[in-house]
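The values are calculated or read from the model by the stated rules, or taken from the named source; none is laboratory data. Note that the coordinates shown come from a computational prediction; the quantities given were computed from them, not determined experimentally. So basically every Cβ, Gly included, is an ideal-geometry build from the backbone, and we count neighbours across all protein chains shown.
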Amino acid sequence: MIHPFQHHNHDQGPKPNALVRIEHLAITFDKPVLRDVSLDIHKGETVAVLGKSGTGKSVLLKLIVGLLTPDSGKIFFKDKEVTALGEFGLMDIRSDIGFLFQGAALFDSMTVGQNLDLFLVKHTDLPPKEREQKIAAALEMVQLQEAIDKMPSELSGGMKKRAGLARSIVIEPELMLYDEPTTGLDPVTASSIAELIVTLQQQLGIASLVVTHDLPTAFTVSDRAMVLNEGYAIFEGELKDLEKSEDAFLHEYLAASRLDRERHDRILRARERALAATQNPKAATKGTARGSETDVKVLT
Amino acid sequence: MSSDNKNSEVLTPLPDEAAPVARWEGGLALLGGLWVFSVRFFKTLARPPYEFKEIIRQLNMIGYRSLSLVSVVGIVIGAVLTMQSRPTMIKFGAEAFIPEMVAISVMRELSPVLISVILAGRVGAGIGAELGSMRASEQIDAMDVAALDPFKYLVFTRIVACMIALPLLTIIADLLALGGSWVVEKIEAGMTVSLFIQTVVNGVEFSDYLPGIAKTIFFGFTIGLVGCYEGYHSKGGTEGVGRSATDAAVTSSLLIILLDVLFVKVTLMLWPY
């Protein structure tokens with residue numbers, strides 16, 4: 001069954017040398033979650049998967065690493081069929097994949113440094129001194145050197161995401177999977193995480209798949225995107241071509257995202273004005289202060 | 001069918017006759033799941049290397065941190081048993097046999113079963129809640145993705161720690177129960193410690209203490225296995241964590257009591273009176 005607006009046709013065959021090839025993937029839980037989804041990800045490329053909550057974006061990531069098994073369809077990673085691998089085969093390919101979970105999924109009983117070290121001990125034969133250096137380098141990359149001895153419970157949401165990111169990149173994966181990397185963060189921290197993803201991609205050349213419902217994040221980190229709706233990939237292509245799509249849901253989604261972005265910007269501007277008024281009450285005009293209050297009331 | 005009728009159909013609870021069937025199915029599914037988990041435990045046992053550092057950390061969490069609770073329970077078991085049995089023993093002129101009677105009762109049955117049931121509550125529920133919250137916060141998935149083998153790291157280590165900690169804690173509880181008993185005997189009858197020890201050593205045989213300690217290894221296995229199983233398969237977020245903890249405590253306590261019947265029968269077959 002093909003969605004009327006599905007314009008990507010994988011029957012033409014995948015492009016050669018794809019790092020990840022997803023072919024006609026389908027999975028059903030209580031209801032169909034993914035239906036005939038196909039996608040290629042190439043080395044060094046970042047692809048965003050967009051869509052509303054509950055449209056199977058996170059399920060797609062779990063299928064790629066073999067945490068879930070599809071009802072039909074195939075997934076290939078470096079030409080190995082993930083969907084046909086056993087326990088040991090999956091362990092083998094997972095050492096080349098980094099996964100940033102929505103809540104970072106740091107191990108509660110360990111410090112940030114120990115969280116990173118556990119991954120290195122498992123995946124490398126490096127002596128302790130070299131592991132320490134690698135941990136320090138990974139934490140420096142995400143600007144979290146000072147948190148090496150902190151427990152996850154002592155970190156803020158943004159710091160947890162950065163620590164999770166450091167833990168994923170410390171083993172130098174070939175593919176990074178991001179599950180809602182900016183969800184639940186304030187706009188400034190969300191923006192810094194998105195910039196960090198771009199920096200990592202540029203510095204390390206890692207291919208990435210970023211699952212998000214936040215359009216600004218998608219535009220920051222990737223050039224190509226796939227949009228899921230009701231299990232179908234209703235769009236796959238360059239981000240700049242999103243506007244050209246005739247799909248009604250996509251238009252609604254883009255409009256809502258734009259409004260959301262404008263709302264964020266207005267709140268930020270109102271806060272900045274309120275802050276400026278607090279710091280310099282004489283300079284702040286009565287009209288501006290009243291305007292800030294009105295803005296915040298209307299917007300919140 | 002109107003939409004109202006549809007809703008009422010959805011909200012109607014299971015018919016009464018279906019409820020026991022659902023419970024049986026749930027019970028059988030649990031036993032099947034525990035069997036599969038046990039098989040996986042022994043497969044992991046045959047596949048070194050082991051996570052010794054984590055086993056020691058769990059021994060500290062499960063064993064050392066239960067020490068104060070076990071100590072209090074041990075002393076109270078011995079003291080209360082002595083106080084309760086004294087009047088009856090005196091009535092039959094068997095006051096001199098009180099230390100022997102207390103020692104046999106404590107070592108054979110009271111201490112292993114009581115300590116195990118109490119630890120099923122403390123340790124079993126703790127493991128269920130810990131692994132349940134790790135499941136809810138995707139930490140177990142993160143281990144899977146990082147090829148860290150969460151079964152080996154989380155489940156195997158906890159079960160092994162329970163199997164080591166339970167017998168050690170039971171031995172400590174046995175000794176403290178005898179201490180509690182002696183204190184009561186000292187206060188009530190002025191019995192010296194050397195006479196108390198001599199009476200216990202003369203009255204207690206190999207078959208009185210070894211089966212009691214040996215069965216706690218299996219009880220430890222049960223507590224670890226059930227706690228880990230419930231936590232590992234926790235569903236439904238925070239609510240599921242609470243359910244896992246409760247189910248772990250209830251199921252492991254029940255299994256310990258049922259297994260005890262089997263062990264008593266086996267002990268009596270091996271060492272008949």
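A few notes on this one:
- Residue in segment B:74-83 that is more than 30 Å from B:T199 (Cα to Cα), more than 14 Å from every other protein chain (Cβ to nearest Cβ) and crowded, with 21+ Cβ neighbours inside 10 Å present: no
- Applying the criterion of being within 14 Å of chain B (Cβ to nearest Cβ) and not aliphatic (A, V, I, L, M) to the residues of segment A:65-80, the residue that is nearest to A:E230 (Cα to Cα) is A:T69.
- In segment A:86-110, residue modelled with the highest pLDDT [restricted to those that are closer than 23 Å to A:L19 by Cβ and more than 9 Å from chain B (Cβ to nearest Cβ)]: A:L100
- Single residue of A:K62, A:K122 found to be basic (K, R), facing chain B (nearest Cβ under 9 Å) and in contact with a strand residue (DSSP E or B) (Cβ under 9 Å, 6 or more places away or on another chain): A:K62
- Residue count for segment B:132-185 satisfying the condition of being β-branched (V, I, T), within 25 Å of the chain's Cα centre (by Cα) and farther than 29 Å from A:G103 by Cα: 5.
- Residues located in segment B:58-73, provided they are surrounded by fewer than 16 Cβ atoms within 10 Å (Cβ to Cβ) and touching a residue at least 12 places away in the same chain (Cβ under 8 Å): B:L67
- From the list A:S95, A:S58, A:S153, A:S72, the lone residue that is hydroxyl-bearing (S, T, Y), more than 26 Å from B:L131 (Cβ to Cβ) and assigned by TED's automatic domain parsing to the domain that holds A:L185 is A:S72.
- Residues (buried (at least 22 other Cβ atoms within 10 Å of the Cβ), among the small types (G, A, S) and either more than 11 Å from chain A (Cβ to nearest Cβ) or assigned to a helix (DSSP H, G or I) (or both)) located in segment B:130-172: B:G132, B:A142, B:A161, B:A165
- Failed condition for A:T83, given (1) more than 9 Å from every other protein chain (Cβ to nearest Cβ); (2) under 25 Å from A:A218 (Cα atoms); (3) touching a strand residue (DSSP E or B) at 6+ places or on another chain (Cβ under 7 Å): (2)
- Residues in segment A:124-167 that are part of a helix (DSSP H, G or I), of a type in the set (A, V, I, L, M, F, W, C) and under 19 Å from A:Y178 (Cβ atoms): 7 in all.
- Any hit, segment B:115-126, residues being within 14 Å of chain A (Cβ to nearest Cβ), crowded, with 18+ Cβ neighbours inside 10 Å and modelled with pLDDT of 95 or more: yes
- All positions within segment A:20-44 that are outside any loop (DSSP other than H, G, I, E, B) and charged (D, E, K, R): A:R21, A:E23, A:R35, A:D36, A:D40
- Any pair with Cβ under 6 angstrom, 6 or more apart, that starts in segment A:183-197 at a residue that is surrounded by fewer than 19 Cβ atoms within 10 Å (Cβ to Cβ) and ends at one that is in a helix (DSSP H, G or I): A:G184/A:G157; A:P187/A:H264; A:T189/A:G158
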